[in-house]
Amino acid sequence: MVSEFETRKDTVQELTESAADHVGRIAQIIAGAVRDIAREVGDWATDVIEMNEASRRARADDRAPDAPVVVNDTP
């Protein structure tokens with residue numbers, strides 16, 4: 001026969017294990033979301049940079065249509 005103390009201990013143990021599993025899954029979901037957000041923000045920043053470079057080239061083409069376009073890629 002199992003004592004009341006052991007029954008309570010087993011219950012607490014099961015609840016603790018269950019909580020750890022759920023918290024772990026939630027952390028994975030959050031980590032995945034953060035990763036996806038970082039990727040999207042990075043892609044968006046790349047788009048902005050590319051549009052800025054294209055705009056700069058277009059302005060350079062308008063100013064001197066026969067001159068070669070020089071784009072300074074250094075920050």
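Read-outs: derived from the displayed coordinates by stated rules, not from any lab. Keep in mind the model is a prediction, meaning the values are calculated, not measured.
By how many degrees, 0 to 90 and rounded to 10, does the Cα axis of helix 4-63 deviate from the longest principal axis of the chain?
0 degrees
Using just the helices of the chain, give the 222 nm mean residue ellipticity in deg cm²/dmol: DSSP H runs with n ≥ 4 each add -39,500 (n - 2.57), and the total is spread over all residues, rounded to 500.
Per the formula, -30000 deg cm²/dmol.
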